[in-house]
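Here the structure comes first, spelled out in structure tokens, and everything after it is commentary.
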Amino acid sequence: QALHHAHENDVVHGDFKPGNVFLTREEDVKIVDFGAAAALSGDSSRIPAGTPAYASPQVLAGETPDRRDDIFSYACVAYELLTGQHPFQHRSSLEARDAGATPARAWNLTAPQWLGLLSALSLEREQPPEGEVQRLQVGARDAIGTRDRDGLPVHRGPVEREPAQVHSR
């Protein structure tokens, strides 16, 4: 919701990663460190920044970030939350793209949820559709499922986790 709000106000975070997301005692999610943020309608003379393991290939190549780059970063974090693994084994997206890598299927997602996540993890900027953040948000909530008596998430799906691996094309 925070990224969606920023995007609705023509702001791109520019460095979305786990270290910039906090959960409060009230279980509110807060995004911090908008130091790399850019106004979508603003001047493109700023130097794009991003954490290599979470930034899109376009940002790492020096292109001005846009909403799709935040969606890519959000998808990396979502994948990590859902599988316990980084989609590209913490390699930069440039390295993953050059290797032809694709993330292993997340076992705890339905086919539509997985396709939405995979679309958002696209290493080509043209592919992640607008509105993917909201679709991923619903998918993540569904995959996590209900909470136990202590308020902790109860995951649905198989007990055994399949390890996430990067596959080459």
Quiz item: Using the Cα atoms of the stretch 76-119 to build a convex hull, what is its mean projected area in square nanometres?
Solution: 2.9
Quiz prompt | Sorted peptide list for 89-99, 51-61, criterion being average Cβ within 10 angstrom, highest first | solution = 51-61, 89-99
Exercise. With all protein chains present, calculate the accessible area of Glu27 using a 1.4 Å probe and round the result to the nearest 10 Å².
Key: 90
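The values are calculated or read from the model by the stated rules, or taken from the named source; none is laboratory data. Treat the numbers as computed from the prediction; the structure is a model and nothing was measured. Glycine also receives a Cβ, built like all others from the backbone with ideal geometry; neighbour counts cover every protein chain displayed. Calculation scope for accessible area: heavy atoms of the full protein, side chains included, ligands and nucleic acids excluded. Shrake-Rupley method; radii C 1.70, N 1.55, O 1.52, S 1.80 Å.
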